[in-house]
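Rule-based calculations on the coordinates, nothing more; no lab input. A quick note: this is a predicted structure, and the numbers were derived from the prediction, not measured. Cβ sites come from the backbone with ideal geometry, for glycine too, and all protein chains shown count toward neighbours.
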Amino acid sequence: QQQVKQSPQSLIVQKGGISIINCAYENTAFDYFPWYQQFPGKGPALLIAIRPDVSEKKEGRFTISFNKSAKQFSLHIMDSQPGDSATYFCAASGRGNTPLVFGKGTRLSVIA
Amino acid sequence: ETGVTQTPRHLVMGMTNKKSLKCEQHLGHNAMYWYKQSAKKPLELMFVYSLEERVENNSVPSRFSPECPNSSHLFLHLHTLQPEDSALYLCASSQDRRTGGISGYTFGSGTRLTVV
């Protein structure tokens, strides 16, 4: 059973446009939701994270929107640039010492 | 470099071979992980070590055998693998297991394994 469902699988966005990636979860014990960014030939790296006590978190051009009642969260990349082309993973973790569980990833291509 | 170093970067092995993957971190992290990354699948957690003690083993076949001799080094010993085991194997470390701390999980660049 996939604990975090991510969509779309791939995304093509024009330079300057908004990239939106969505994730949904079922486990109500999850209380930490990060996004990781992976460039080709590299491992994933933490991009931005949110806890369910806020509905939105913004860092530069990257924003997480969180909807607790719908059990969904999304990553918005404003003014998308070719350098943002990468694979993005949403993840979640819950109470105790359980490790992060990851979504399947979204391959983003930003074209000029 | 992220601070987590994996060797080798690429490995081709036959189904009857024995090989080992190595991971090293000098970030002072307490937890280390092995993940398997296959196309169109989530990152699959294989093993978790906390302070050199294995705390999680996610139903991984016995042909994969981890070893954590100290808090800075992690190995994945491979033997009699199958072609479907071909994937990118990622090592990660973190200050805590749940969130990874302020910097999250720190991943290495991975070992691209091909089983022929």
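With contacts defined as alpha carbon pairs under 8 Å and 6 or more residues apart, what's the relative contact order of chain B in percent? List each step's numbers first, then the result.
Values: 287 pairs, mean separation 43.0, N = 116.
Normalised by residue count, the contact order of chain B is 37 percent.
Quick query: amide H of A:Gly17 versus all other amide H atoms, modeled in the peptide plane; which residues come in under 5 Å with a sequence gap of 5 or more or a different chain?
Amide H to amide H, under 5 Å and 5 or more residues apart or across chains, A:Gly17 pairs with A:Ser80.
Roughly what % of Cα-Cα distances in segment B:59-116 sit above 19 Å, to the whole percent?
Details: 676 of 1653 pairs.
Here the tail beyond 19 Å accounts for 41 percent of pairs.
So which cysteines of chain B have no other cysteine's Cβ under 4.7 Å from theirs?
B:Cys68
Within a Cβ distance under 13 Å of A:Ser109, other residues only, what is the Lys/Arg minus Asp/Glu net charge? All intermediate terms of the calculation are to be shown ahead of the outcome.
Details: positive: A:Lys15, A:Arg107; negative: A:Asp84.
Here the count lands on +1.
Based on alpha-carbon positions alone, could you give the equivalent ellipsoid semi-axes of chain B from the gyration tensor, as √(5λ), descending, whole Å?
Working: eigenvalues 104, 38, 36 Å².
For chain B, the semi-axes come out at 23, 14, 13 Å.
Checking a compactness column here: for the protein assembly as shown, what do you get for Rg(Cα) / (2.2 N^0.38 Å), N being the number of residues?
Values: Rg = 17.5 Å, N = 228, 2.2 N^0.38 = 17.3 Å.
So the Cα radius of gyration is 1.01 times the expected 2.2 N^0.38 Å.
Taking the Cα atoms of segment A:26-112 alone, what are Rg (to one decimal) and Dmax (as a whole number) in Å?
Answer for segment A:26-112, Rg first and Dmax second: 13.3, 45 Å.
Cross-link candidates for A:Lys57: which aspartates and glutamates have Cα within less than 20 Å, leaving aside residues fewer than 8 places away along the same chain?
Partners within reach: A:Asp31, A:Asp79, A:Asp84.
Taking the Cα-to-Cβ direction at A:Asn27 and at A:Asn97 and moving 7 Å from each Cα, how far apart do the two end points lie in nm?
Using points 7 Å along Cα→Cβ, the separation is 1.6 nm.
Where a Cα-Cα gap under 27 Å defines reach, which lysines qualify for B:Lys36, not counting those fewer than 8 residues away within the same chain?
Excluding near neighbours in sequence, the set is A:Lys5, A:Lys42, A:Lys71, A:Lys104, B:Lys18, B:Lys19, B:Lys22.
A:Lys15 label point, 7 Å along Cα→Cβ, cut-off 12 Å on backbone N: hits in segment A:77-91?
Only A:80-84 fall inside the zone, counting backbone N under 12 Å.
So what is the relative contact order of segment A:14-112, in percent, for Cα pairs below 8 Å that sit 6 or more residues apart? If you can, show how the numbers build up before the last one.
Details: 213 pairs, mean separation 34.0, N = 99.
After rounding, I find 34 percent.
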